[in-house]
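Scroll down for the structure; my scribbles are underneath it.
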Amino acid sequence: MPGIRQTAAVALGILRDPRAGSTLSTVLTDPDPAVRAAAVEALGAIGRPESRADLERMLNDAESRVRVKSAYALANLAAPDSVAALKSRSDDPTPEVRQAVASALARIGTGDALAALEGMLADPYDRVRREAILGLGRVGDPAQLPRVRSFLQDPARRVRVAAAVVAGRRRDRDSVPLLLELLRGEETWEKPAVLVALGRIGAPEAVPVLVSTAESPAHWIRVCAIHALGDMRAPEGGPVARAHISDPAWAVRGAAAIALGAVGSVDDLAMLLGLLNDPHPWPRRGAAYALGRLGLSAAAPRLREALDDPAAEVRLAAVWALGRLGDDGARDGLVRLLYQSQPGPTPMPEPAEVGSSLGSDAESRLFDATVQALGRLAHGIPDPLVRRALVDARERLSEEELDRPARLPLPEVEVDRSPPSVRTLFDTALPSSADEEEA
């Protein structure tokens, strides 16, 4: 029965067992397109290089949904040898197939893939143009920036948003006039991306507009304007952030706290300590990050209490802040948290009630962040208990897990730079003998 075959293919993809590859390949000729699509998707999830030829062949399937799945599966393989096959479908009659092809070419990112993407910038379907712009902005040549910049005036708003994202990612100062033009327009849907871009570019001429935009009646626009002022470290951002610490929207209060971490001072200590008692976790999280970024050691006792906050995002921010402060008094709490934390990804918790919290991966970042924080403390007063905890934590990980990129808190994440490996965190924390156990 087709339904059973489809379900079996989906299950094999979820298991990601490479041994299932040959079995799934035999299903690619199934008469039911839903079964073929499920098999293609499963092969992409498993990611065997040996599946590349089969997936390229399925780009020519009569059913468009199979072609879509094939392109996305090839994106997962990210094989440079697939560029020619993908390019051959860049004019597919189905827009969704062309969108998937653009996404795959962007993922591969080689010179010929980018050349193919550039040709897709003229696609009549706005989602294809968006994928091409984002792909070129992620890995493209700076010489392509003028072409990408022109899409800030595209008639489709999702394309304009993609061009704004690229302008911010590439810190394209020449895009500032067009970004300001969009910001002064009536379209609110694109303003968050424009505000983020202006903050990353750091254009001083944008500051007056950002200050006025921070008073928008739309709370999500206030959030982005305040973040932009903080990202720019604009002195004008200090009064704006302080004025919004008591904003009725919890997201705005959180953004104001984060901004104070960039443009605040010791005079904001009492205000930020008060925000650690906010009923919503997001402002508490922002306050903890700000206290750490400002180096306000007087906040350390209260930050230690935040290690027991019910919200993982707040605990994560407190871990980072205490490590940044080099607070020796946090050693016992951080050691306890390290033993309690799971080193691998953990499922996102369900909010207790609608609007009570954000979907967050903070729980999966706690282990790595705590290793980093203890490593920073380990270079202060030597503590055999801290070393023992770090050695024990290292032994919980396989060699493969040690080599994965570290999942770190927000202030450690840089868009333009890859994170260190978990192994590097341990080697930094245990520099004298990373592999030696204490007796």
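The values are calculated or read from the model by the stated rules, or taken from the named source; none is laboratory data. Predicted model only: the values in this text are computed from it and were never measured. Every residue, glycine among them, receives a Cβ derived from its backbone with ideal geometry; neighbour counts consider all protein chains shown.
Would you be able to tell me the number of residues in the stretch 74-87 that are crowded, with 16+ Cβ neighbours inside 10 Å and part of a helix (DSSP H, G or I)?
9
What helices (runs of 4 or more DSSP H), lying completely within the stretch 15-73, carry at least 2 residues that are of a type outside the set (D, E, K, R) and without any contact (Cβ under 8 Å) to a residue 12 or more places away in the chain?
Output list reads 21-26.
Go through the stretch 387-424 and report how many residues are assigned to a loop (DSSP other than H, G, I, E, B), modelled with pLDDT of 90 or more and exposed (fewer than 15 other Cβ atoms within 10 Å of the Cβ).
3
Which of the helices (runs of 4 or more DSSP H) found entirely inside the stretch 236-287 contain at least 2 residues meeting this: more than 23 Å from Ser212 (Cα to Cα) and in contact with a helix residue (DSSP H, G or I) (Cβ under 7 Å, 6 or more places away or on another chain)?
By residue number, 269-275.
Only one of Leu408, Leu390, Leu425 is in contact with a Lys or Arg (Cβ under 7 Å, 6 or more places away or on another chain) and in contact (Cβ under 8 Å) with a residue 12 or more places away in the chain. Can you tell me which?
One residue alone meets the criteria, Leu408.
Working only within the stretch 11-31, note down all residues that are surrounded by fewer than 17 Cβ atoms within 10 Å (Cβ to Cβ) and of a type in the set (A, V, I, L, M).
Ala11, Ile14, Leu15
Out of the residues in the stretch 397-427 meeting the condition of being of a type in the set (Lys, Arg) and out of contact with any strand residue (DSSP E or B) (no Cβ under 9 Å at 6 or more places or on another chain), tell me which one is farthest from Ala287 (Cα to Cα).
So, considering only residues that are of a type in the set (Lys, Arg) and out of contact with any strand residue (DSSP E or B) (no Cβ under 9 Å at 6 or more places or on another chain), the one farthest from Ala287 (Cα to Cα) is Arg423.
Restricting attention to the stretch 253-260, does a residue exist that is surrounded by fewer than 20 Cβ atoms within 10 Å (Cβ to Cβ) and touching a residue at least 12 places away in the same chain (Cβ under 8 Å)?
Looking through the stretch 253-260, none of the residues is surrounded by fewer than 20 Cβ atoms within 10 Å (Cβ to Cβ) and touching a residue at least 12 places away in the same chain (Cβ under 8 Å).
Taking the stretch 293-314 as the region of interest, how many residues are crowded, with 24+ Cβ neighbours inside 10 Å and either acidic (Asp, Glu) or touching a Leu at 6+ places or on another chain (Cβ under 6 Å) (or both)?
Qualifying residue count, the stretch 293-314: 3.
From Ala225, Ala270, grab the single residue that is touching a Ser or Thr at 6+ places or on another chain (Cβ under 9 Å) and either buried (at least 23 other Cβ atoms within 10 Å of the Cβ) or free of Cβ contacts under 8 Å to residues at least 24 places away in the same chain (or both).
Unique residue meeting the criteria: Ala225.
Of the residues Ala163, Ala102, Ala143, Ala156, which is crowded, with 23+ Cβ neighbours inside 10 Å and over 17 Å from Leu74 (Cα atoms)?
Within the list Ala163, Ala102, Ala143, Ala156, the selection yields Ala163.
Based on this model, can you work out whether Glu56 counts as acidic (Asp, Glu), under 25 Å from Leu114 (Cβ atoms) and crowded, with 18+ Cβ neighbours inside 10 Å?
Yes, satisfied.
Identify, from the list Ser150, Ser90, Ser64, the residue that is surrounded by fewer than 24 Cβ atoms within 10 Å (Cβ to Cβ), assigned by TED's automatic domain parsing to the domain that holds Glu181 and on the phi < 0 side of the Ramachandran plot.
Ser150
Looking at (1) modelled with pLDDT under 95; (2) surrounded by fewer than 19 Cβ atoms within 10 Å (Cβ to Cβ), which one does Glu190 not meet, given that it meets all the others?
Among (1) modelled with pLDDT under 95; (2) surrounded by fewer than 19 Cβ atoms within 10 Å (Cβ to Cβ), Glu190 violates only (2).
May I ask you to verify whether Glu63 is over 27 Å from the mean Cα position of the chain (by Cα), at pLDDT 95 or above and among the acidic types (Asp, Glu)?
It is true that Glu63 is over 27 Å from the mean Cα position of the chain (by Cα), at pLDDT 95 or above and among the acidic types (Asp, Glu).
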